[in-house]
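Participant: Take a look at the following structure, please.
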Amino acid sequence: MLRQLVPKATIIGLLVNPNTPETEAERRDVQAAAQAIGQQLVILDVSSARDIETPFVTFVERGVGALLCGAGPFMFANRERLVALAARHAIPTMYSSRESAEAGGLMSYGTSQRDATRQAAIYAGRILKGEKPAELPVMQSSKFEFVINLKTAKALALEFHPQLLATADEVIE
């Protein structure tokens, strides 16, 4: 989706926190996808709030034309700062949480936190009714949301293709 929006981006960046369990799989998947389509990729790590600006400077220096911001609690907790840095450096950025798009990020694609919260509430209800937690099935998120922020796209002088807009679960204007 990011490449569709910014097809002229010869280099795409990936910003990840190396201290989370999902990072290695995320890094591996993005590298495989980039290699499959011949996309140049710059992967940088950030794991503390005090170092969060450094990768953006490096992305600009290395000519990154679009950025994928990794998943995880650190990225979520720092979403407003990440969105502000992407805006300041005019880097079209895709996030894994809708809250980042709601905070002014260009777009997001990821699991629905609302759906995950609903599932957790269902589990809590089942446990309170006497079911044993060890006997409950393991569930993974199955609902993903694609959110586009048109105000941010306009600020970056980007236009979404109508087909890409049509696939969005929500469009922020």
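Participant: Just to be sure before I move on: is A153 in a helix (DSSP H, G or I), more than 15 Å from the chain's Cα centre (by Cα) and crowded, with 17+ Cβ neighbours inside 10 Å in the structure I sent? So that I can check it myself, show each step before the final result.
Facilitator: Details: in a helix (DSSP H, G or I): yes; more than 15 Å from the chain's Cα centre (by Cα): yes; crowded, with 17+ Cβ neighbours inside 10 Å: yes.
Against the criterion (in a helix (DSSP H, G or I), more than 15 Å from the chain's Cα centre (by Cα) and crowded, with 17+ Cβ neighbours inside 10 Å), A153 qualifies.
Participant: Residue under question is E159, and the condition is that it be touching a Lys or Arg at 6+ places or on another chain (Cβ under 8 Å) and under 27 Å from V83 (Cβ atoms); does it hold?
Facilitator: On the way: touching a Lys or Arg at 6+ places or on another chain (Cβ under 8 Å): no; under 27 Å from V83 (Cβ atoms): yes.
Considered against the rule, which asks whether it is touching a Lys or Arg at 6+ places or on another chain (Cβ under 8 Å) and under 27 Å from V83 (Cβ atoms), E159 comes out as no.
Participant: Okay, next question. Might you check whether a residue that is in a loop (DSSP other than H, G, I, E, B) and under 22 Å from E102 (Cβ atoms) occurs anywhere in the stretch 61-68?
Facilitator: Step one: list which residues in the stretch 61-68 are in a loop (DSSP other than H, G, I, E, B), which gives 62-65.
Right, trim to under 22 Å from E102 (Cβ atoms) and you get none.
Checked against the condition, which is being in a loop (DSSP other than H, G, I, E, B) and under 22 Å from E102 (Cβ atoms), the stretch 61-68 yields no hits at all.
Participant: Taking the options V60, V46, name whichever one is in contact (Cβ under 8 Å) with a residue 12 or more places away in the chain, surrounded by 11 or more Cβ atoms within 10 Å (Cβ to Cβ), in contact with a helix residue (DSSP H, G or I) (Cβ under 6 Å, 6 or more places away or on another chain) and more than 29 Å from D169 (Cα to Cα).
Facilitator: On the way: V60 fails: in contact with a helix residue (DSSP H, G or I) (Cβ under 6 Å, 6 or more places away or on another chain).
Among V60, V46, only V46 is in contact (Cβ under 8 Å) with a residue 12 or more places away in the chain, surrounded by 11 or more Cβ atoms within 10 Å (Cβ to Cβ), in contact with a helix residue (DSSP H, G or I) (Cβ under 6 Å, 6 or more places away or on another chain) and more than 29 Å from D169 (Cα to Cα).
Participant: On the given criteria, is A101 part of a loop (DSSP other than H, G, I, E, B), touching a residue at least 24 places away in the same chain (Cβ under 8 Å) and surrounded by 15 or more Cβ atoms within 10 Å (Cβ to Cβ)?
Facilitator: Details: part of a loop (DSSP other than H, G, I, E, B): no; touching a residue at least 24 places away in the same chain (Cβ under 8 Å): yes; surrounded by 15 or more Cβ atoms within 10 Å (Cβ to Cβ): yes.
In short, no.
Participant: Now, a different point. Taking L67 and the conditions (1) surrounded by fewer than 21 Cβ atoms within 10 Å (Cβ to Cβ); (2) under 16 Å from the mean Cα position of the chain (by Cα), which numbered condition does it fall short on, given that it satisfies the others?
Facilitator: Tallying (1) surrounded by fewer than 21 Cβ atoms within 10 Å (Cβ to Cβ); (2) under 16 Å from the mean Cα position of the chain (by Cα), L67 fails exactly one: (1).
Participant: Here's another thing I want to ask about it. Restricting attention to the stretch 156-173, report how many residues are surrounded by 12 or more Cβ atoms within 10 Å (Cβ to Cβ) and assigned to a loop (DSSP other than H, G, I, E, B).
Facilitator: Adding up the residues that qualify gives 6.
Read-outs throughout are calculated quantities, based only on the coordinates presented, and are distinct from any laboratory measurement. Just so it is clear, the model here is predicted, and its values are computed rather than measured. Neighbour counts run over all protein chains shown; Cβ positions are idealised from the backbone, glycine included.
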